[in-house]
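**Q** Just dropping this structure here.
The values are calculated or read from the model by the stated rules, or taken from the named source; none is laboratory data. Not measured: the values here are computed from a predicted model. In this analysis, Cβ positions are derived from the backbone assuming ideal geometry, glycine residues included, and neighbour counts consider all displayed protein chains. The protein model used for the area step is the full one, side chains on, heavy atoms only, and it has no ligands, DNA or RNA in it. Shrake-Rupley method; radii C 1.70, N 1.55, O 1.52, S 1.80 Å.
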Amino acid sequence: MVDVATLRRHDLAYVRSEAWPGLLHGQAEDEMEPDLMAWAALGRPAIFRRRTCSDAADIVPLGLPLPPGMGRKRLALSCPPAAVMRTAPPPLLRDALPAAPARWHPAIGTLLESTPSCRCFGSLAWQYLTGLSYLADTSDLDLLVECGSDADARRVTALLTDVAERAPTRIDAELITPCGTAVQWREWLSENPELLVKSHTGSALIAREALFA
């Protein structure tokens with residue numbers, strides 16, 4: 001059974017096949033039901049989402065971002081912990097590379113040379129995970145980069161700045177601290193004394209010096 005307390009933003013949840021009908025009940029129009037049941041039958045994941053005030057304390061809050069071909073809807077789901085077979089972090093960028101447009105490959109290659117453990121989320125991650133068409137000409141390259149210190153953050157943001165100047169798409173990266181909180185890389189570059197930090201419980205302003213304390 002999954003321990004909800006250990007889940008982080010962007011974590012994936014693989015739900016037991018027999019739990020999907022109840023998970024999807026009342027969540028989508030009738031014409032979408034075959035596509036969603038196919039999603040379940042193929043063992044595709046959902047994603048851990050932020051808990052809202054309407055979520056019961058004993059459920060796992062999940063989301064399902066659907067591709068354009070399924071209406072690009074974002075379904076808010078919930079299930080008991082026992083219905084989750086396993087969880088996984090977002091995919092490694094190097095694993096998702098084959099699903100990326102060819103014109104992205106040089107920028108991704110440069111990133112992977114210095115940050116081989118970088119992960120991705122958003123459209124690229126879902127296209128890789130499902131084989132469905134999520135990416136469009138306007139899609140961002142969404143990244144998650146673990147940083148253990150201010151020095152790590154400086155190195156990573158210098159790399160991202162360099163790559164972003166030449167990349168054919170916008171780079172949206174989050175710096176992930178050892179405790180799992182995240183700050184947007186351009187926010188970190190702002191030099192503001194307080195930074196907007198995100199976690200699975202919400203967002204908050206914290207002092208810059210406390211980020212990696």
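**Q** With respect to Arg44, is the statement that it is open to solvent by 20 Å² or more (accessible area, probe 1.4 Å), farther than 18 Å from Ser133 by Cα and among the basic types (Lys, Arg) true? It would help to see each step written out before you state the result.
**A** Details: open to solvent by 20 Å² or more (accessible area, probe 1.4 Å): yes; farther than 18 Å from Ser133 by Cα: no; among the basic types (Lys, Arg): yes.
Taking the combined requirement at face value, the residue does not satisfy it.
**Q** Next question, about the same structure. Yes or no: Gly26 surrounded by fewer than 18 Cβ atoms within 10 Å (Cβ to Cβ), at pLDDT below 95 and closer than 17 Å to Gly122 by Cβ? Steps first, please.
**A** Numbers: surrounded by fewer than 18 Cβ atoms within 10 Å (Cβ to Cβ): yes; at pLDDT below 95: yes; closer than 17 Å to Gly122 by Cβ: no.
No.
**Q** Considering only the stretch 88-99, I want to know if a residue exists there that is surrounded by 13 or more Cβ atoms within 10 Å (Cβ to Cβ), in contact with a Leu (Cβ under 8 Å, 6 or more places away or on another chain), of a type in the set (Gly, Ala, Ser) and touching a residue at least 60 places away in the same chain (Cβ under 8 Å).
**A** no
**Q** Do you know which of the residues in the stretch 150-176 that are part of a loop (DSSP other than H, G, I, E, B) and either touching a Leu at 6+ places or on another chain (Cβ under 6 Å) or open to solvent by 40 Å² or more (accessible area, probe 1.4 Å) (or both) is nearest to Thr6 (Cα to Cα)?
**A** Applying the first criterion (part of a loop (DSSP other than H, G, I, E, B)) to the stretch 150-176 yields 167-170.
Imposing the further condition that a residue be either touching a Leu at 6+ places or on another chain (Cβ under 6 Å) or open to solvent by 40 Å² or more (accessible area, probe 1.4 Å) (or both) reduces the set to 168-170.
On the way: Pro168: 36, Thr169: 33, Arg170: 31 Å.
Among them, the one singled out is Arg170.
**Q** Identify, from the list Thr181, Thr201, the residue that is loosely packed, with under 14 Cβ neighbours inside 10 Å, at negative phi and of a type outside the set (Phe, Trp, Tyr). Outline the logic, then answer.
**A** Numbers: Thr181 fails: loosely packed, with under 14 Cβ neighbours inside 10 Å.
Within the list Thr181, Thr201, the selection yields Thr201.
**Q** If I ask for residues that are touching a helix residue (DSSP H, G or I) at 6+ places or on another chain (Cβ under 8 Å) and either open to solvent by 20 Å² or more (accessible area, probe 1.4 Å) or not aliphatic (A, V, I, L, M) (or both), which ones from the stretch 132-145 would you list? Talk me through it step by step, then tell me what you get.
**A** If we filter the stretch 132-145 for residues that are touching a helix residue (DSSP H, G or I) at 6+ places or on another chain (Cβ under 8 Å), which is where we start, we get 132-136, 139-143, 145.
Answer for the stretch 132-145, where residues must be touching a helix residue (DSSP H, G or I) at 6+ places or on another chain (Cβ under 8 Å) and either open to solvent by 20 Å² or more (accessible area, probe 1.4 Å) or not aliphatic (A, V, I, L, M) (or both): Leu132, Ser133, Tyr134, Leu135, Ala136, Ser139, Asp140, Asp142.
**Q** Okay, moving on. Regarding the stretch 36-48, can at least one residue be identified that is under 16 Å from the mean Cα position of the chain (by Cα) and charged (D, E, K, R)? Reasoning before the result, please.
**A** Of the residues in the stretch 36-48, the ones under 16 Å from the mean Cα position of the chain (by Cα) are 44-48.
Still in the running and charged (D, E, K, R): 44.
Yes.
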